[in-house]
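Q: Input: one structure, supplied below.
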Amino acid sequence: MGVLEGRVALITGAGSGIGKGVLQRFVEEGSRAVVVERMADRVDQLRGEFGEEVAVFHGDVSRLEDNKAAVAEAIRVFGQLDIFVGNAGIFDQFITLADFPEDKLGDAFDEQMAVNAKGILFGAKAAHEELAKTQGCMVFTASVASFNSGGGGVLYTASKHAVLGMIRQLASELAPDVRVNGVAPGGVATDLRGLETLDQHLSSHSSRPENVERVRANAPMQRALYPDDLVGSYLFLACKELSGTITGTTVLNDSGSSLRVRRPAPTT
Ligand code: NAD
């Protein structure tokens, strides 16, 4: 019997990458799930891959009504909601403020925040009452960019700092009924897309072989990260039998890349 037997999860951005890995593992562990995915071809693929244990909702996390409809779908199809994984995201591909076209800065900020930050806020708003009924939990996808510079450009870094703030504030507000935690990945080889405002949305920085190799070579653990390396962290935080007294915490899973490394001693 899996550790999530009898649970129902809502997972956003589960059509690819980390979210898809989490979905697969949660189902293996006995959970049923509703997923929210924006890209139509990924929605079709998910519907073909999973059976009745997964309900696929074609929607956009930056719209409150889509989050509410996905929660309603979980209740209609499965009768309860135990876990909300706020994961859908987009990436600014490290663009610096100096390089930013001035006429796109405002729209790019709005687009970045709408998905990475507002998407989680709306999901939490839509889900918290149902989660309270089951003494459930939320797990948000943060990032190394939630803690420091260098994990993205200024927009992505700001959006992931916002996610960290929401984890802490909502953990405090929703206790003792709902736990709220996060997972902060380092660079993961996925199809993470860029911003449409900057015409980056058809390409992924994270999946380029040279970038995967750079992440591996620079990490103290000397390991590139793939979605399967992250799923255990989500499972741990989602399972109340494993982490029932943990709230407001974010698990850094980055192959050690955030560590300060020992620099060679100066030669005299
Ligand atoms: P991914 O692109 O493989 O998966 C993200 C999924 O979210 C995609 O299927 C995409 O279509 C979907 N999505 C995007 N915007 C959406 C929206 N508005 N509504 C619904 N679905 C939407 O990328 P991933 O790397 O697995 O990203 C998942 C999360 O992990 C993101 O929040 C990302 O910021 C975070 N993250 C990724 C990395 C990395 O290096 N890949 C590192 C740290 C954090």
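Q: Look through G248, G244 and report the one residue that is at positive phi, touching a residue at least 60 places away in the same chain (Cβ under 8 Å) and surrounded by fewer than 19 Cβ atoms within 10 Å (Cβ to Cβ).
A: G248
Q: Here's a follow-up. On the given criteria, is Q200 part of a loop (DSSP other than H, G, I, E, B), in contact with a Lys or Arg (Cβ under 9 Å, 6 or more places away or on another chain) and free of Cβ contacts under 8 Å to residues at least 40 places away in the same chain?
A: Answer is no for this residue.
Q: Now, a different point. Select, from I83, I75, the only residue that is touching a strand residue (DSSP E or B) at 6+ places or on another chain (Cβ under 8 Å) and not small (G, A, S).
A: Result: I83 is the single residue among I83, I75 that is touching a strand residue (DSSP E or B) at 6+ places or on another chain (Cβ under 8 Å) and not small (G, A, S).
Q: Given (1) more than 16 Å from the ligand (Cβ to nearest atom); (2) surrounded by fewer than 18 Cβ atoms within 10 Å (Cβ to Cβ); (3) over 19 Å from S204 (Cα atoms), identify the lone condition not met by R47.
A: For R47, the exception is condition (1).
Q: In this structure, does V22 turn out to be in a helix (DSSP H, G or I), of a type in the set (V, I, T) and on the phi < 0 side of the Ramachandran plot?
A: Yes; evaluated as a whole, the condition is true for this residue.
Q: So which helices (runs of 4 or more DSSP H) are wholly in region 66-183 and hold at least 3 residues that are within 15 Å of the ligand (Cβ to nearest atom) and open to solvent by 30 Å² or more (accessible area, probe 1.4 Å)?
A: 105-113, 154-174
Q: If a residue must be closer than 20 Å to N67 by Cβ, of a type outside the set (S, T, N, Q) and open to solvent by less than 10 Å² (accessible area, probe 1.4 Å), how many such residues does region 1-25 contain?
A: Matching residues across region 1-25 total 9.
Q: Residues of region 189-207 being over 20 Å from T157 (Cβ atoms) and at pLDDT 90 or above, which ones?
A: Scanning region 189-207 gives A189, D191, D199.
The values are calculated or read from the model by the stated rules, or taken from the named source; none is laboratory data. Keep in mind it's a predicted model, so treat the numbers as computed, not measured. Here Cβ is always computed from backbone atoms with ideal geometry, including for glycine, and neighbour counts include all displayed protein chains. Heads up: the accessible areas ignore ligands, DNA and RNA and are worked out on the full protein's heavy atoms, side chains in. Shrake-Rupley method; radii C 1.70, N 1.55, O 1.52, S 1.80 Å.
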